[in-house]
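Encoded as structure tokens, the structure appears first; notes follow it.
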Amino acid sequence: MSQKSAPVSYGGQAVIEGVMFGGKHVNVTAVRRKNNEIKFLEVPREDKTWIRKLRKIPLLRGIISLIDSSIKGSKHLNFSADAYADDTLEPEERAQQKEKEESGWSLSMIIGVAAVSVLSFIFGKLLFTLVPVFVEDFLFGDSFDHYVLHNLVEGVIKLILLLAYLWGISLTPVIKRLFQYHGAEHKVITAFEAGEELTVKNVQKHTRLHYRCGSSFMMMTIVLGVVVYSVVPWDTMTERIIQRIALLPLVLGVSFEFLKLTNSLREVPVLRFLGYPGLWLQLLTTKEPADDQVEVSIASFNRMRELDAQYEKVTVQQPMAGSVLDPAKG
């Protein structure tokens, strides 16, 4: 079977000075150290049976996948952050930092990294959902009466805030390099799906934009959120806030399904435009990578594939349908 016809849709995540890729049986992160060595973190996938079953239920699978990938991704982000700190801080500063991290009862120690990841995910989604509501009401609360118009203006404000936030953080050196690794991740996946040998030269000629990406998911939640929120009318600010919170899981679920749909239709000339808004947003969340960044991305992907092949030989595991690492982490 050729690479192009491979049944697995791989996904990944940019981390500090590296890239994480998810396979059927293992997730692998590769980071570039200061001495140019590429260091790996290899974490076997341990998806429980009930999680695999929930991943098959439309709408619900999107929420489960988002939370699950957020938990797993935090371990790889911490790995890359630790490596970055080791390389950028003086030994004395790094020792003091580690001492502070290891002493005392931190929130992570009390309720666990997984719980912190879930709480951070929920808080972030609620914050991004509710802040535009208050801004819209403050600016246009008395300008017109129809709730659908308020929903549309709220969606525009949410988009402006998102674009301003992404543009602002992209100006910082660390985030700019993170976005370059995001572009390198997309290029490797695209080259692999095209059936090409993964060399730096081959990978670099591909686009840094990809339909199956978390940036596209963010855009989906804004556009489809306006539609979902307009289905249920509201009269007061209290009703509006309660409606946003209650319907947020539905917005996330619908956006996830629509993202999967646009990815399946990307080769259909008339329908591929459905994914364009997400691709346009990726112009901000990805940057053209340097050759050495692409090299790290290739190393991560190849190591993940190598370990997956080893797992296939020595274990018998239930196959997983769809994307093995959810597009929300792309």
| task | Counting other beta carbons within 10 Å of each Cβ, put V19, V135 in order, fewest first. | result | V135, V19
| query | What is the gain in length, in nm to one decimal, between L261 and I122 on full extension, counting 0.36 nm per residue of separation less the C-alpha to C-alpha distance? | reply | 47.6 nm
| query | Can you pick out the pairs among K187/K260; K56/K287; K24/K313; K56/K205; K24/K287; K72/K260 whose Cα atoms lie more than 24 Å from each other? | reply | K56/K287; K56/K205; K24/K287
| note | To the nearest 20 debye, the stretch 138-261 has a Cα-centred charge dipole, built from +1 on Lys and Arg Cβ and -1 on Asp and Glu Cβ, of 620
| message | Exposed loop sites here are GluC sites (Glu not before Pro) in DSSP loop states with at most 11 other C-beta atoms within 10 Å. What is the longest stretch of the chain lacking them? | response | 47-196
| request: Please report, in debye to the nearest 20, how large the charge dipole of the chain is about its Cα centre when each Lys and Arg carries +1 at its beta carbon and each Asp and Glu carries -1 there. | output: 980
| Three-way shape call for the chain based on the alpha-carbon gyration tensor, with the a/c threshold at 1.5 | prolate
| Within the chain, which is the longest segment containing none of the chymotrypsin sites (Phe, Trp or Tyr not before Pro) that sit in a DSSP loop and have at most 11 other Cβ atoms within 10 Å? | 145-330
| field | Residues D142, D308, D87, D82 arranged by fewest to most Cβ contacts within 10 Å | value | D142, D87, D82, D308
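Each value in this text was obtained by applying a stated rule to the coordinates, not by laboratory testing. Only a predicted model underlies this, so the values are computations on that prediction, with no experimental measurement involved. Reconstructed Cβ throughout: ideal geometry from the backbone, glycine too, with neighbour counts over all protein chains shown.
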